[in-house]
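Heads up: the structure comes next, in structure tokens.
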Amino acid sequence: MTYFNTYLTLGLQHILNIQALDHLLFILSLTCIYRFSDSKNLFFLITAFTLGHSLTLALATLGWIHVSMHWIEFLIPCTILLSAIGNFSFKDSGLKRQENSVLKYVLVGIFGLIHGLGFSNYLQSLLGKESSIIGPLFAFNIGLEIGQIVVVISILIISSLLIRLSKIKMSSWVLVISGIVIGLVIPMILERW
């Protein structure tokens, strides 16, 4: 159980860490268009991201795929930028209709594939001495999903409070948050180019 807890904690720390700013910004760009009443779709999106993340994390850790880390480090902030830019088409009244799009789930899953590759070298070095990576990888991904849910719920709570206190329209809120995310991610893209 200690073994499981170690990797579970690593998964949590991967998300609940300011050094995971790119991951946090991605979650913020996904979450800012949702309210608590719409959270079911959001949790499915987060799970699609985790599945993509888990798949490439496993494949890269097993050594079955090899991708230049330079390109992955560049592509990660690009996924955040695309996610934030996609929010500019947000219309508050049409959220439920917009979110039933299978394409959105597929895109978020693909973005998860890219993000998973970004963490694979570190996890590979940790798992290098393990006889089987299935247990540690499972525990790590459970920790990752729990961490993402904590971040999502925190964002939803903070968003709800700030929207109520400032009496800002949801569409304006989405534009402000997406603009902030874009402002933070463009320097990352330029730095990693």
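The values are calculated or read from the model by the stated rules, or taken from the named source; none is laboratory data. Bear in mind that the values here come from a model prediction, so they are computed numbers and not experimental data. For neighbour counting, all protein chains shown are included, and Cβ atoms are generated from backbone atoms with ideal geometry for every residue, glycine included. Remember, those area values only see protein heavy atoms, side chains included, never the ligands or the DNA or RNA. Shrake-Rupley method; radii C 1.70, N 1.55, O 1.52, S 1.80 Å.
Of everything in region 149-167 that's hydrophobic (A, V, I, L, M, F, W, C) and open to solvent by less than 70 Å² (accessible area, probe 1.4 Å), which residue is farthest from Leu8 (Cα to Cα)? Across region 149-167, the extreme among qualifying residues is Ile163. The set of residues in region 168-193 being free of Cβ contacts under 8 Å to residues at least 24 places away in the same chain, part of a helix (DSSP H, G or I) and open to solvent by 50 Å² or more (accessible area, probe 1.4 Å) consists of Val176, Ile180, Pro187, Leu190, Glu191. Here Ile146 does not qualify as modelled with pLDDT of 85 or more, at negative phi, open to solvent by 40 Å² or more (accessible area, probe 1.4 Å) and not in a helix (DSSP H, G or I).
With Gly135, Gly118 as the choices, which residue is at pLDDT below 95 and either aliphatic (A, V, I, L, M) or under 25 Å from Glu73 (Cβ atoms) (or both)?
On the way: Gly135 fails: either aliphatic (A, V, I, L, M) or under 25 Å from Glu73 (Cβ atoms) (or both).
Result: Gly118 is the single residue among Gly135, Gly118 that is at pLDDT below 95 and either aliphatic (A, V, I, L, M) or under 25 Å from Glu73 (Cβ atoms) (or both).
For residues that are within 16 Å of Val108 (Cα to Cα) and open to solvent by 20 Å² or more (accessible area, probe 1.4 Å), scanning just region 49-64, find the one that is modelled with the lowest pLDDT. My answer is Ser54. Among the residues in region 26-46, are any among the aromatic types (Phe, Trp, Tyr), surrounded by fewer than 18 Cβ atoms within 10 Å (Cβ to Cβ) and under 15 Å from the mean Cα position of the chain (by Cα)? Within region 26-46, one or more residues are among the aromatic types (Phe, Trp, Tyr), surrounded by fewer than 18 Cβ atoms within 10 Å (Cβ to Cβ) and under 15 Å from the mean Cα position of the chain (by Cα).
Here the condition is being in a helix (DSSP H, G or I), surrounded by fewer than 19 Cβ atoms within 10 Å (Cβ to Cβ) and hydrophobic (A, V, I, L, M, F, W, C); of Phe119, Phe4, Phe111, it holds for Phe4 alone. Answer with yes or no whether Asn87 is touching a Ser or Thr at 6+ places or on another chain (Cβ under 7 Å), of a type outside the set (Lys, Arg), assigned to a helix (DSSP H, G or I) and modelled with pLDDT under 90. For Asn87, the condition - touching a Ser or Thr at 6+ places or on another chain (Cβ under 7 Å), of a type outside the set (Lys, Arg), assigned to a helix (DSSP H, G or I) and modelled with pLDDT under 90 - is not met. Do we find a residue being at pLDDT 85 or above, of a type in the set (Phe, Trp, Tyr) and within 17 Å of the chain's Cα centre (by Cα) anywhere in region 65-82? Yes: one or more hits.
Tell me, please, whether a residue that is in a loop (DSSP other than H, G, I, E, B) and more than 15 Å from Leu62 (Cβ to Cβ) can be found in region 149-167.
yes
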